[in-house]
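The values are calculated or read from the model by the stated rules, or taken from the named source; none is laboratory data. Computed from a predicted structure; not experimentally measured. We place every Cβ from the backbone using ideal geometry, glycine too, and count neighbours over all the protein chains shown. Surface accessibility is based on the protein's heavy atoms, side chains included, excluding ligands, DNA and RNA. Shrake-Rupley method; radii C 1.70, N 1.55, O 1.52, S 1.80 Å.
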Amino acid sequence: MKLQQLRYLCEVARQGLNLSTAAAALYTSQPGISKQIRMLEDELGIEIFVRNGKRVVAVTAPGKIILEISERMLRDADNLKRVAQEFTREDTGALAIATTHTQARYALPRVIKEFTQRYPKVQLSLQQGSPTQISELVTSGAADLAIATEAIEYYPDLVMLPCYDWNRSVIAPPGHPLLKEKKLTLEAIARYPIITYDFAFTGRSKINQAFEAQGLTPNVVLTAIDTDVIKTYVGLGLGIGIVASMAFDAKEDSGLRAMDASHLFSPSTTRIGLRRNYYLRGYVYDFIELFAPHLTRKVIDAAMADPRTIRARAHPQHP
């Protein structure tokens, strides 16, 4: 039994049983993957996959158990490497962060600048996607940590660490009638076309819930995953925008005006998601604490040991 065989096995499962896609992801050949998996099955004396001709169509009952063990063995092998690197190359390595556009654009720049100054030999990579996509990147091992508002709680293999609470603002071009309202209400917002986040992004569910609770149906004419796109189309007069308050800067967004809407929507919490049983390099602890100072090494270790014991609370707003 070889670790390479386990990697082939897990990648095939990860790629929806598509051998060609798995081979491309691993930079190898489809026949090579098939041969190695067959050799593993022969060694174990069981079939891991159900086949229809040359196609893999399902995972057998024992195959599901073997996949779980294989994933765990590969994680442990990676942890062994990290332990060795921690003691031989403390300030050298890589850190892959999976996050949404809003976090990458507005919450992370200060942290990344400070981190790179502290650890110039650590290679940082940002992988952007929907909350679901970035959670899957971490569970699969393609990224080290996820930073998102939605979806992380739906992945039992991830330990959630609350970072900060945030809320929303309504943006509009100068002179828009909504800006004359003495008190911003959902009823007033609902009178105008709305541009906001795609449903899977940045606390969109809290926006929908607020309108539904008042029996209102907002006229959402455009959705986007990128706050800058939302601001662009608001500036063109296509509608008013509902965005994360951290994403509006009066100086940079001088062509728009913002109204605080925190009294209308429930706050959302941005969290960091880490794989269970994942060995954290020292610089990963430092990165997390730079992003959320209340998440000290002691707090993180306690959460990783038993997520039910975590007592850390999110900051009331983004720092």
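I'd like to verify a number: residues in the stretch 260-293 that are of a type outside the set (Lys, Arg), open to solvent by 40 Å² or more (accessible area, probe 1.4 Å) and either more than 27 Å from residue 77 (Cβ to Cβ) or not in a loop (DSSP other than H, G, I, E, B) (or both), how many?
Selection size over the stretch 260-293: 8.
In the stretch 158-199, the qualifying residues are those that are without any contact (Cβ under 8 Å) to a residue 40 or more places away in the chain and hydrophobic (A, V, I, L, M, F, W, C), and the one that is least open to solvent (accessible area, probe 1.4 Å) is 188. Among residues of the stretch 1-55 being within 27 Å of the chain's Cα centre (by Cα) and open to solvent by 70 Å² or more (accessible area, probe 1.4 Å), the one that is farthest from residue 70 (Cα to Cα) is 27. Residue 113 passes every criterion in (1) at pLDDT 95 or above; (2) in contact with a strand residue (DSSP E or B) (Cβ under 9 Å, 6 or more places away or on another chain) apart from (2).
All of (1) within 17 Å of residue 263 (Cβ to Cβ); (2) more than 27 Å from the chain's Cα centre (by Cα); (3) not basic (Lys, Arg) hold for residue 207 with one exception: (2). Taking the stretch 211-225 as the range and being open to solvent by less than 40 Å² (accessible area, probe 1.4 Å) and farther than 11 Å from residue 186 by Cβ as the test, only 224 passes.
Could you list, ordered by first residue, the pairs with Cβ atoms under 6 Å in which the first is in the stretch 50-64 and without any contact (Cβ under 8 Å) to a residue 24 or more places away in the chain and the second is open to solvent by 70 Å² or more (accessible area, probe 1.4 Å) and part of a loop (DSSP other than H, G, I, E, B), at least 6 apart or interchain? Every condition considered, the pairs that remain are 60/47.
Quickly run through the stretch 29-49 and pick out the residues that are within 18 Å of residue 18 (Cβ to Cβ) and either among the basic types (Lys, Arg) or part of a helix (DSSP H, G or I) (or both).
Of everything in the stretch 29-49, those that are within 18 Å of residue 18 (Cβ to Cβ) and either among the basic types (Lys, Arg) or part of a helix (DSSP H, G or I) (or both) turn out to be 30, 31, 32, 33, 34, 35, 36, 37, 38.
For (1) closer than 30 Å to residue 284 by Cα; (2) aromatic (Phe, Trp, Tyr); (3) touching a helix residue (DSSP H, G or I) at 6+ places or on another chain (Cβ under 6 Å), each residue gets a yes or a no:
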position	(1), (2), (3)
117	yes, no, no
142	yes, no, no
151	yes, no, yes
155	yes, yes, yes
162	yes, no, no
169	no, no, yes
182	no, no, no
187	no, no, no
215	no, no, no
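In the stretch 269-283, the residues that are within 16 Å of residue 96 (Cα to Cα) form Cβ pairs under 9 Å with partners that are of a type in the set (Phe, Trp, Tyr) and open to solvent by 10 Å² or more (accessible area, probe 1.4 Å), at six or more places apart or across chains, as follows: 273/155; 283/119.
Restricting attention to the stretch 144-157, the residues that are surrounded by fewer than 24 Cβ atoms within 10 Å (Cβ to Cβ) and at pLDDT 90 or above add up to 1. Of all residues in the stretch 110-133, at least one satisfies being under 8 Å from the mean Cα position of the chain (by Cα), open to solvent by 50 Å² or more (accessible area, probe 1.4 Å) and of a type in the set (Val, Ile, Thr). Flag not set for residue 102, criterion: open to solvent by 50 Å² or more (accessible area, probe 1.4 Å) and over 22 Å from residue 282 (Cα atoms).
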